[in-house]
Structures are given as structure tokens and as C-alpha cells.
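Readers should treat all values here as calculations from the given coordinates under stated rules, not as data from a laboratory. For clarity, every value in this text was computed on a predicted model and none was experimentally measured. Reconstructed Cβ throughout: ideal geometry from the backbone, glycine too, with neighbour counts over all protein chains shown.
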Ligand SMILES: *[C@@H]1O[C@H](CO)[C@@H](O)[C@H](O)[C@H]1NC(C)=O
């Protein structure tokens, strides 16, 4: 085989894996513990499909790795809330719970961002003091909101000027 062929194989193997960077393989033990949980909860019964999935559908519109980490941190915290209400005396339940706790601590910084959103949702926007603060912050906020777009817009214009096509 020519060196070009080797290079081609090397690139195709590596490029084909770019899409899988954000997916990890679940450890075998955890997978088998999840399977036991599915039996406990009758989660493979057909009625579970009624109304569609609650989490996996949502992931479709969150495509960037960093975005997904934020959504995952919230979803995992919901799972942990669920585990607070189920009996963790069985080993497989405890194992899955511990695995999720570890995942949650990996996503701690992303979870802080979710907390920002939840705190903002609680702001009393009919309060006059809050309204005065909000109006005071409006211009700098709008500038920050528009600036990244403005920058890529400028870059696009420069690029198209250099293009002879
Ligand atoms: C699962 O199904 C079994 C058998 O029908 C039933 O006894 C059990 O209560 C069900 N468990 C749950 C969590 O729905």
C-alpha cells in the first residue's frame, strides 16, 4: 500500500470517531445494574413508550458538546432526585446511584450554569428595585448579546471580499 493509502486509512479512522467524542461506553457492571433496574420498574413494558421519551427527545436540539454537558447536568440531577425516592438497599440500585453521583460531580461547573438560569427564573420582575436594576443593565447586556454575532458577521464579509467566485 502507498503511504497515501495509509494516510487515508488513518484519517478516516480518526475522522469517523470525531462524532463519538461525546459518547462514552457505560461500564459493563453499570449496564447490567441498569438492566436490573429496568426489570424492577417494568421499564421495558410497552406502556412506557406512551407519550414518547422524556429526555432523549430533548437532546436532539442540543448538538454542541458544551451545550449538551449543561443539559446532561440538569438531567442527571433529576435522576438523583428520583433516586432519593427509591429504595437503595439493593446493591444494583446503589451502584447506579453512585455512578450518577460521580457523573454529576464531573459536570459540577455545568450545573452551576443551570443554577444561574433557575435563579434568574425566580427574579421578581414586577419589583420596582429589580426593574431599575434591569433597565440599568439593558444596554451592556444587549451589546454583549450582539457582539459575537457582529464579529463573525464581519469575518464573513471579509472572507467574501477575498473570494473571486
Ligand atoms: C412490575 O410488574 C409486576 C408484575 O406485573 C408487578 O407485580 C410490579 O408491581 C410491577 N412493578 C412496577 C414498579 O410497576
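Remarks
- Computed from the C-beta positions of residue 145 and residue 106, the FRET efficiency with R₀ = 25 Å rounds to 0.25.
- Distance in nm between pseudo-label sites at residue 60 and residue 31 (7 Å out along the Cβ direction from Cα): 2.6 nm
- Separation between Cα centres of segment 24-45 and segment 112-135, rounded to whole Å: 40 Å
- Measuring max minus min along each principal axis, the C-alpha atoms of segment 66-125 give extents of 46, 26, 13 Å (largest first).
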